[in-house]
Every structure is written in structure tokens, then in C-alpha cells.
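Encoded as C-alpha cells, the structure appears first; notes follow it.
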Amino acid sequence: MSAVRALFVPLIVLAAGIPVAAHHSFAAFDRAKEVTLTGIVREVQWNNPHAWIQVLVTDAKGKQTEWGFECGSPNMMARTGWSRTTVKSGDKVTIVGNPLKDGRPNASLVRITLPDGRVLGPGDAPPPRQIK
């Protein structure tokens with residue numbers, strides 16, 4: 001019986017840690033910097049654990065770069081005014097994000113200005129209600 005325990009106890013401990021390790025932090029993004037870009041939405045990935053918006057940005061020389069913007073979870077985004085169809089492929093948007101520290105064209109979404117002028121945030125938890 002003790003041999004069985006010796007085998008299964010470590011496996012149970014390791015398995016218990018997997019869900020915790022599966023979620024990542026935003027430590028790769030430089031929260032002290034912001035990039036503001038205007039471009040055309042190529043794709044919206046409305047998936048857990050975080051939604052992504054892929055934007056094609058053309059620089060002054062005509063070079064096109066695809067930027068990925070990581071958002072909150074679809075559930076949290078819905079609570080702050082987003083829906084699956086808020087942003088669509090082909091939309092021209094202005095988007096602000098905290099860029100990756102390593103310089104690759106990805107960022108954590110700060111806010112996005114939609115074609116109709118609405119401005120939405122990343123889908124973080126809504127601010128607490130004021131109690132009177």
C-alpha cells in the first residue's frame with residue numbers, strides 16, 4: 001500500500017498545479033509604454049482565456065505589419081459592453097496597447113476606438129459600483 005501512495009501522491013500534487021500554471025500573467029507587456037496605431041482589423045478571436053484582435057497596420061513607407069492585441073476574457077468583455085460582433089474584419093480602428101517588452105508586434109489592449117466612435121477598454125472587471 002505504501003508503494004501505491006509513493007507513486008500516486010506526487011502525481012496528484014503535480015496535477016493539482018496544472019490549472020494554476022496554465023494561466024499566464026501580463027508581465028511580458030511593458031505597462032509603462034503605450035503604442036497608438038490605426039489599422040484594419042484582420043481577425044477577432046473571441047476565445048478563452050483571452051480574446052485577441054489582429055490588426056493590419058501600414059507605416060509611412062507602405063510596409064504592413066500585423067499586430068496582435070490581447071484583451072480580457074470574452075465573459076469580462078461582455079460585462080463591459082463588448083459582444084462577439086463589436087469588432088469585425090475590415091473595420092478601421094485606432095487601437096492603444098502596452099507593447100511587448102521584446103519588441104514583437106503584440107500588445108495588451110488598453111482601449112480601442114471603433115468606426116462609430118465608441119471607445120472600449122480591454123474587458124477588465126468593471127469598476128465597483130458606488131454605494132450611497
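The values are calculated or read from the model by the stated rules, or taken from the named source; none is laboratory data. Since the model is a prediction, treat every value here as computed from it, not as a measurement. Cβ: placed from backbone, ideal geometry, glycine included. Neighbour counts: every protein chain shown.
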What number of residues in the range 47-66 are aliphatic (A, V, I, L, M) and either assigned to a loop (DSSP other than H, G, I, E, B) or closer than 11 Å to Pro122 by Cα (or both)?
3
Go through Gly39, Gly72, Gly68 for me and flag whichever is over 15 Å from the mean Cα position of the chain (by Cα) and under 27 Å from Ala27 (Cβ atoms).
Gly39
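Conditions tested, residue by residue: (1) on the phi > 0 side of the Ramachandran plot; (2) surrounded by 10 or more Cβ atoms within 10 Å (Cβ to Cβ); (3) part of a loop (DSSP other than H, G, I, E, B).
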| site | (1), (2), (3) |
| --- | --- |
| Arg84 | no, yes, yes |
| Val87 | no, yes, yes |
| Val93 | no, yes, no |
| Pro99 | no, yes, no |
| Asp102 | no, no, yes |
| Ala107 | no, yes, no |
| Asp124 | no, yes, yes |
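With respect to Pro19, determine if the residue is modelled with pLDDT under 95, of a type outside the set (A, V, I, L, M) and surrounded by 10 or more Cβ atoms within 10 Å (Cβ to Cβ).
In short, no.
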If we scan the range 35-46, do we find a residue that is in a strand (DSSP E or B), in contact (Cβ under 8 Å) with a residue 60 or more places away in the chain and exposed (fewer than 12 other Cβ atoms within 10 Å of the Cβ)?
yes
Within the set of pairs 6+ apart or on separate chains, which have a first residue in the range 84-103 that is under 13 Å from Asp116 (Cα atoms), a second that is assigned to a strand (DSSP E or B) and of a type in the set (S, T, N, Q), and C-beta atoms under 8 Å apart?
Lys92/Thr38; Val93/Thr38; Val93/Thr113; Thr94/Thr36; Thr94/Thr38; Thr94/Thr113
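Find the residue count for the range 67-82, including only residues that are part of a loop (DSSP other than H, G, I, E, B) and either at positive phi or charged (D, E, K, R) (or both). Even if it seems obvious, please write down each step before you answer.
Within the range 67-82, the subset part of a loop (DSSP other than H, G, I, E, B) is 71-73, 80-82.
From what is left, the residues that are either at positive phi or charged (D, E, K, R) (or both) are 81.
Total meeting the criteria: 1.
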So, in the range 60-82, how many residues would count as being of a type in the set (Ser, Thr, Tyr) and surrounded by 14 or more Cβ atoms within 10 Å (Cβ to Cβ)?
2
